[in-house]
Amino acid sequence: MGDLRIGLVGLGMMGRHHARVIRETDGVVLVGVADAMGDPHRVAGDLAVSDSIEDLLALGIDAAVVAVPTAFHEDLALRLADAGVHALVEKPISGDVASSERIVEAFESRGLVGAVGHIERYNPALQNLRERIEAGELGEVYQIATRRQGPFPARIADVGVVKDLATHDIDLTSWLAQSPFATVSAHTTLRSGREFEDMVSFTARLKNNVITNHLVNWLSPMKERVTVVTGERGAFVADTIGGDLTFFENGTVKNTEWESVMAFRGVSEGTMLRYALTKREPLRLEHEAFRDAILGRGGNIVTMREGLANVRVAEAVLTSANQSRTVNVAE
């Protein structure tokens with residue numbers, strides 16, 4: 001079988017990285033690009049820049065990457081599904097639950113591979129953390145807390161911070177804990193004069209009773225991407241900017257021998273260990289997983305149904321903030 005023929009829709013900030021990584025990934029070839037706004041980063045190379053997806057379909061593509069503003073995801077995804085083309089759609093899968101459901105149904109009913117670009121799952125720190133949790137190194141997981149803060153991105157104009165950024169934390173939290181969200185309680189604010197919220201703080205309970213806490217904003221002068229998972233044996237801290245993972249041991253679990261003291265379920269400071277990790281680019285791992293899923297090799301993609309679940313939680317967060325109440329995600 002020859003290389004998979006890939007088309008790319010969207011040549012903005014994320015599109016330029018997709019173009020580079022597609023060209024660097026074995027087993028695939030970038031055969032066409034499209035963007036109605038042109039090629040501001042000059043990534044097309046010797047490819048003609050089309051302004052319509054029909055031109056890409058005419059090239060006989062096997063799969064496509066959709067890296068356009070969220071408002072256009074549904075239309076483009078449905079056109080690709082109708083043409084029998086596999087797709088990797090940047091997160092969020094779409095702007096609301098209803099349109100996300102239509103995309104999921106279109107791909108699943110046709111037996112097509114549909115992936116969503118929740119790239120944090122491919123971060124080396126989080127992948128190693130997930131493996132260690134599954135191996136029981138943390139014991140019972142109590143809490144997951146995330147902080148995702150940074151300066152305002154002028155390129156995002158059609159959704160707020162909840163659907164653009166918090167969906168990362170929603171996805172990685174559920175993935176790490178291997179449990180969906182049950183309830184959420186949120187507060188948002190608008191400080192930059194735009195239509196959508198630019199700051200959110202929310203807590204949640206997962207169905208397995210792990211509690212979570214999330215701080216996300218576009219109003220911080222420093223960039224922070226941190227995930228803390230606390231359990232009976234200590235706490236893991238993942239810095240996903242640098243791909244670093246550190247373990248803070250609960251010394252009480254390891255060192256206490258006096259039976260009467262052991263009955264006290266407290267903690268003490270133990271050893272701190274920073275792991276040396278192999279750090280491959282997350283976007284490349286994402287593309288390799290997408291390729292392997294198309295070829296039937298199992299590829300560990302973020303499915304469109306999982307992307308739909310993330311949008312459902314994001315909408316519950318917004319409902320909670322707007323109505324000042326705890327929301328059951330199943331609503």
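Numbers below:
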{"read-out": "Some residue of the range 67-87 being surrounded by fewer than 20 Cβ atoms within 10 Å (Cβ to Cβ), touching a helix residue (DSSP H, G or I) at 6+ places or on another chain (Cβ under 6 Å) and assigned to a loop (DSSP other than H, G, I, E, B)", "value": "yes"}
{"read-out": "Answer residue from the range 179-197, given it is in contact with a Lys or Arg (Cβ under 6 Å, 6 or more places away or on another chain) and either assigned to a strand (DSSP E or B) or touching a residue at least 40 places away in the same chain (Cβ under 8 Å) (or both) and is least open to solvent (accessible area, probe 1.4 Å) among those", "value": "Ala182"}
{"read-out": "Given (1) closer than 23 Å to His187 by Cα; (2) in contact (Cβ under 8 Å) with a residue 60 or more places away in the chain, number of the condition Val161 does not satisfy", "value": "(2)"}
{"read-out": "Test result for Ala135, within 30 Å of Arg233 (Cα to Cα), over 21 Å from the mean Cα position of the chain (by Cα) and not β-branched (Val, Ile, Thr)", "value": "yes"}
{"read-out": "Ser99 being at pLDDT 95 or above and polar (S, T, N, Q)", "value": "yes"}
{"read-out": "Matching residues in the range 284-320 - criterion: being of a type in the set (A, V, I, L, M) and open to solvent by 20 Å² or more (accessible area, probe 1.4 Å)", "value": "Leu285, Ala293, Ile294, Leu295, Ile301, Ala309, Leu318"}
{"read-out": "Test: Val200 is touching a residue at least 60 places away in the same chain (Cβ under 8 Å) and either closer than 18 Å to Thr319 by Cα or not in a strand (DSSP E or B) (or both)", "value": "yes"}
{"read-out": "When residues of the range 154-172 are limited to those that are over 12 Å from Trp218 (Cα atoms) and in a helix (DSSP H, G or I), the one modelled with the lowest pLDDT", "value": "Lys163"}
{"read-out": "Residue within the range 11-19 that is modelled with pLDDT of 95 or more, outside any helix (DSSP H, G or I) and of a type outside the set (A, V, I, L, M) present", "value": "no"}
{"read-out": "Candidates Asp35, Asp26 - the one that is modelled with pLDDT of 95 or more, open to solvent by less than 70 Å² (accessible area, probe 1.4 Å) and on the phi < 0 side of the Ramachandran plot", "value": "Asp35"}
{"read-out": "Residue count for the range 101-153, restricted to those that are of a type in the set (Phe, Trp, Tyr), open to solvent by less than 30 Å² (accessible area, probe 1.4 Å) and either under 19 Å from Asp164 (Cα atoms) or assigned to a loop (DSSP other than H, G, I, E, B) (or both)", "value": "1"}
{"read-out": "Qualifying residue in the range 10-21 (condition: closer than 19 Å to Ile119 by Cβ, open to solvent by 70 Å² or more (accessible area, probe 1.4 Å) and not aliphatic (A, V, I, L, M))", "value": "yes"}
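Each row is one residue, and each column tells you yes or no for (1) touching a residue at least 40 places away in the same chain (Cβ under 8 Å); (2) farther than 18 Å from Val159 by Cα; (3) of a type in the set (A, V, I, L, M, F, W, C).
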residue	(1), (2), (3)
Lys91	yes, no, no
Ser94	yes, no, no
Tyr122	yes, yes, no
Val141	yes, yes, yes
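The values are calculated or read from the model by the stated rules, or taken from the named source; none is laboratory data. This structure is a prediction, so every number in the text was calculated from the model and none was measured. Don't worry about glycine lacking a Cβ; one is built from the backbone with ideal geometry, like all the others, and counts go over all protein chains shown. Note: accessible area is taken over every heavy atom of the protein model, side chains too, but ligands, DNA and RNA are not part of it. Shrake-Rupley method; radii C 1.70, N 1.55, O 1.52, S 1.80 Å.
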